[in-house]
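What follows draws every value from the coordinates through simple rules; no lab data is involved. Since this is a predicted model, take the numbers as computed values, not measurements. Note: ideal-geometry Cβ built from the backbone for every residue, glycine included; neighbour counts use all protein chains shown.
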Amino acid sequence: MNADALRGHMDALLLSVLEHEPLHGYAIIEALEERSGGALSVPTGTVYPALRRLERIGYLESEWATVGGRRRRTYRLTDAGRKALAGERSAWRAFTNAISSVLIPKPTN
């Protein structure tokens, strides 16, 4: 998928992946790829800075955990992150409706 197509949507994607359970960075990347059917292969250089930024603004919290015998930073959604995700979903629906109205116009009789 074109990287430009993801621009502006990374926050929503990350928040959505973390909605139901805390995950470490690599598991987040795997979840994005799996949930997109392989269409999203996001580099670590994109994901980790975004996770740190989302944590700085209060949408995520992190803690160190041992996963598979390795220490990894695990991220989870905060209440503010859940509100932000709801807003992102609402904005996405409005955006896709507007774009669909242009790309797939209703037939005129």
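Odds and ends about this structure:
- Taking other Cβ atoms within 10 Å as a rough exposure proxy, Y59, Y48 sort from fewest to most as Y48, Y59.
- The modelled label-to-label distance for the pair T44/H20, using points 7 Å beyond Cα in the direction of Cβ, is 2.7 nm.
- Highest-MSF residue in the chain out of I28, I57, I99 [GNM, Cα springs under 10 Å]: I99
- The orientation-averaged shadow of the Cα convex hull for the chain, equal to a quarter of the hull surface, comes to 8.2 nm².
- Among the GluC sites (Glu not before Pro) in the range 6-40, those located in a DSSP loop and surrounded by at most 16 other Cβ atoms within 10 Å of their own Cβ are E19.
- Under 9 Å, Cβ to Cβ, from R76 - net charge with Lys/Arg +1 and Asp/Glu -1: -3
- Here the sum of -39500 (n - 2.57) over DSSP H runs of 4 or more residues, divided by the residues of the chain, equals -17500 deg cm²/dmol at 222 nm, to the nearest 500.
- Across R93, R76, R52, mean-square fluctuation computed from a Gaussian network of the chain (C-alpha pairs under 10 Å connected) peaks at R93.
- Degrees separating the helix 44-56 axis from the principal Cα axis of the chain, which is the longest one: 80
- With Cα atoms, 0 to 90° folded angle of helix 25-35 axis to the chain main axis: 30
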